[in-house]
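Each remark here refers to the structure printed beneath this line.
The values are calculated or read from the model by the stated rules, or taken from the named source; none is laboratory data. Quick caveat: nothing in here was measured; it's all calculated off a predicted structure. Counting neighbours? That spans all protein chains shown, and the Cβs are built from the backbone with ideal geometry, glycine included.
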Amino acid sequence: MSERTISVNYLARVEGEGALRVRIHDRSVEEVELRIFEPPRFFEAFLRGRGYAEAPDITARICGICPVAYQMSACHAMERALGMTVEGPIRELRRLLYCGEWIESHALHIYLLHAPDFLGYPDAIRLAEHHPEAVKHGLELKKAGNALMRLLGGREIHPINVRVGGFYRCPSREELDGMRPSLEAALALAEETARFVAGFDFPDFELPYEFVSLRHPSEYPMNEGDLVSSRGLRIPQDRFEEAFEEVQVPHSHALQAVRKGGGSYLVGPLARYALNHDRLSPRAKAVAGELGLPPVVTNPYRSIVVRAIEIVYACEEALRIIDQYRPPGAPSVPAPPLTAPVSGAATTEAPRGILFHRYRLEPPGTIVDARIVAPTSQNQKRIEDDLRELVARSLDLDQEALTFACERAIRNHDPCISCATHFLNLELVRD
Amino acid sequence: MHEEALLRDLRRELLEVARRERVDRITRVRLRVGALCHVSPETLRSRWRELVADTPARDAALEIESSPDPRDSRAQDVVLADVVVEEPGSGTPPTSA
């Protein structure tokens, strides 16, 4: 027997995995199950017993792309529990930090995950061979978002400068002014991005979504506002659990969220845009108008254009905040001592949609119960509904073409498993 | 937290190596496991047979080099370092799984 040694040096990667089971009977789609194998992560369990001040840093670890969302929902929930109000420059800086995250997260999805689908490339590396400028634009936009996160959060990924009540340190006027050139360049690039992606070829695919997002009296929503839906729901954002519930399904490790007494709903850019088009900044609204993007977009493939419009918004909003910034006297609002058990909940707009946190605290400040409902788990059932519709219209495709079509349909919603859906395992049963 | 995803990724890479090298049998697999990575050598060993059961590595001897140094630049990594393969047509037929 002769043997040879092969040097591999392969670094094993951690990525979520998705599989899809579709059962078709008599040209009718009987079953669509999106299976997510990622094991439970138990964040809610290991928050119990920790101090409330630790929640922003612990929950930031849930996501490397949108850690700010976790920090914002955690801080706002704690502040509601403790009866604190954060206003003025600290409130504005939180919005600015969120702008940074929206910019970097949306740029990542548009250029590195979503655009290759429309241009016929398997991934961004292959896209870069033929459209190097496009990928370069994407990376420049991402860099501008990252720079904001680094300045305000201390570092780009899992920032360390956010605390209940505000920040550990606030930037100086000069430091924020230093962000202007890269944000002005990013704004121009974002507009170019919107024009670029609006020219893609979009499948004819309109769906009857129930959109759910925050809505604020005057702002495009990030941290504040009521929970509203396109079918008339309007409740305070801390009462999320009155209207929505999470259910366990046998085929997935991830919980799915549904409207109580109803079905799936959609959160994220399409929902935010449809419910808050009138709150967009002037240039964001002008670019949407120029591109003929209607105020309500129900074609999930066009979410790539809506994401680009939201980058335009985030750049413009960031520049507005920087222009008006006056450093606060103290970087945070002091928290009052906790003398009795309290509860607090909050919803904020992560790049992928609403993120709900609820906590129960006991003196002197210990978390005794935590609940976190992430945007991807809310969209998961809706993604299954999209796939059911897609498969029903694509019965004549072969296995390979259908797998690719399903992967694309999933990527439309930028779920946390979007990288993994390049490895979607399609089990197609025709009986 | 991420054990399952790492193990599946290792399995995928073993299958890829076998396909690329056109071999039916992998006889030895060497992994390097960092002190801060998401999977312990014990977990790897206990899941190994099940993981590779239907792959060309089903009979392979598993060697794990674990580094105790958290400051090692690869402390967070699990690396499939190398594999020993049997040249096709050169030896005993593969045992059935």
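Give me the residue from region A:315-333 that is among the hydrophobic types (A, V, I, L, M, F, W, C) and more than 23 Å from the chain's Cα centre (by Cα) and, out of that set, nearest to A:Leu141 (Cα to Cα). Selected residue: A:Ile322.
What single numbered condition from (1) closer than 17 Å to A:Ser73 by Cα; (2) not in a loop (DSSP other than H, G, I, E, B) fails to hold for A:Val368? All conditions are met except number (1). Among the residues of region A:19-30, at least one is within 14 Å of chain B (Cβ to nearest Cβ) and farther than 23 Å from A:Ala370 by Cα.
Take the residues of region A:61-95 that are β-branched (Val, Ile, Thr) and at pLDDT below 95: which is farthest from A:Leu319 (Cα to Cα)? Before the answer, list the steps.
The first filter runs over region A:61-95 and keeps only residues β-branched (Val, Ile, Thr), leaving A:62, A:65, A:68, A:85-86, A:90.
Subset that is at pLDDT below 95: A:62, A:65.
Working: A:Ile62: 29, A:Ile65: 22 Å.
So the residue we want is A:Ile62.
Take the conditions (1) more than 24 Å from B:Pro70 (Cβ to Cβ); (2) over 10 Å from the mean Cα position of the chain (by Cα); (3) buried (at least 16 other Cβ atoms within 10 Å of the Cβ); (4) within 9 Å of chain A (Cβ to nearest Cβ); B:His38 misses just one of them, which is (1). The set of residues in region B:47-73 that are over 14 Å from B:Leu6 (Cβ atoms), among the basic types (Lys, Arg) and within 13 Å of chain A (Cβ to nearest Cβ) is empty. B:Asp77 meets each of the listed conditions (1) touching a Gly at 6+ places or on another chain (Cβ under 6 Å); (2) surrounded by fewer than 16 Cβ atoms within 10 Å (Cβ to Cβ) apart from (2).
Return the residues of region A:185-201 that are surrounded by fewer than 15 Cβ atoms within 10 Å (Cβ to Cβ) and in a helix (DSSP H, G or I); say none if nothing qualifies. Can you show your working first?
Narrowing region A:185-201 to residues surrounded by fewer than 15 Cβ atoms within 10 Å (Cβ to Cβ): A:188, A:195, A:199, A:201.
A:Ala188, A:Arg195 - these are the residues of region A:185-201 that are surrounded by fewer than 15 Cβ atoms within 10 Å (Cβ to Cβ) and in a helix (DSSP H, G or I).
Taking first residues from region B:3-14 that are more than 7 Å from chain A (Cβ to nearest Cβ) and partners that are in a helix (DSSP H, G or I), the Cβ contacts under 7 Å between residues at least 6 apart in sequence or on separate chains come to B:Glu3/B:Thr43; B:Leu7/B:Arg47; B:Leu7/B:Leu51; B:Arg11/B:Leu51; B:Arg11/B:Val52; B:Leu14/B:Val52.
Please enumerate the residues belonging to region A:110-126 that are in contact (Cβ under 8 Å) with a residue 12 or more places away in the chain, part of a helix (DSSP H, G or I) and touching a Pro at 6+ places or on another chain (Cβ under 8 Å).
Listed by number, the list holds a single entry, A:Ala124.
Looking only at region A:63-93, count every residue that is within 19 Å of the chain's Cα centre (by Cα), closer than 20 Å to A:Ala186 by Cβ and surrounded by fewer than 24 Cβ atoms within 10 Å (Cβ to Cβ) and tell me the total. Looking only at that region, the number is 2. If you go through region A:94-146 and keep only what is surrounded by 24 or more Cβ atoms within 10 Å (Cβ to Cβ) and among the aromatic types (Phe, Trp, Tyr), you end up with A:Tyr98, A:Trp102, A:Tyr111.
For region A:276-307, what are the residues that are acidic (Asp, Glu) and within 14 Å of A:Tyr220 (Cα to Cα)?
So the first thing to find is which residues in region A:276-307 are acidic (Asp, Glu), and the list is A:278, A:290.
The answer is A:Asp278, and nothing else.
Please determine whether any residue of region A:1-18 is in contact with a Cys (Cβ under 7 Å, 6 or more places away or on another chain), within 11 Å of another protein chain (Cβ to nearest Cβ) and under 21 Å from B:His38 (Cβ atoms).
We begin by selecting, within region A:1-18, every residue in contact with a Cys (Cβ under 7 Å, 6 or more places away or on another chain); these are A:15-16.
After this cut, where a residue has to be within 11 Å of another protein chain (Cβ to nearest Cβ) as well, the list is A:15-16.
Subset that is under 21 Å from B:His38 (Cβ atoms): A:15-16.
Yes, there is a match, as at least one residue in region A:1-18 is in contact with a Cys (Cβ under 7 Å, 6 or more places away or on another chain), within 11 Å of another protein chain (Cβ to nearest Cβ) and under 21 Å from B:His38 (Cβ atoms).
Residue-by-condition table, conditions (1) among the hydroxyl-bearing types (Ser, Thr, Tyr); (2) under 16 Å from the mean Cα position of the chain (by Cα):
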site	(1), (2)
A:His277	no, no
A:Pro282	no, no
A:Ala286	no, no
A:Gly289	no, no
A:Pro295	no, no
A:Thr298	yes, no
A:Ser303	yes, yes
A:Ile309	no, yes
A:Val312	no, no
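If you go through region A:26-55 and pick out every residue that is more than 25 Å from A:Val249 (Cβ to Cβ) and either surrounded by 23 or more Cβ atoms within 10 Å (Cβ to Cβ) or of a type in the set (A, V, I, L, M) (or both), you end up with 3. Among the residues of region B:20-30, are any closer than 21 Å to A:Arg41 by Cβ and within 13 Å of another protein chain (Cβ to nearest Cβ)? No, the conditions are met nowhere in region B:20-30. Filtering region A:378-419 to residues that are in contact with a Cys (Cβ under 9 Å, 6 or more places away or on another chain) and modelled with pLDDT of 90 or more leaves A:Leu387, A:Leu390, A:Val391, A:Ser394.
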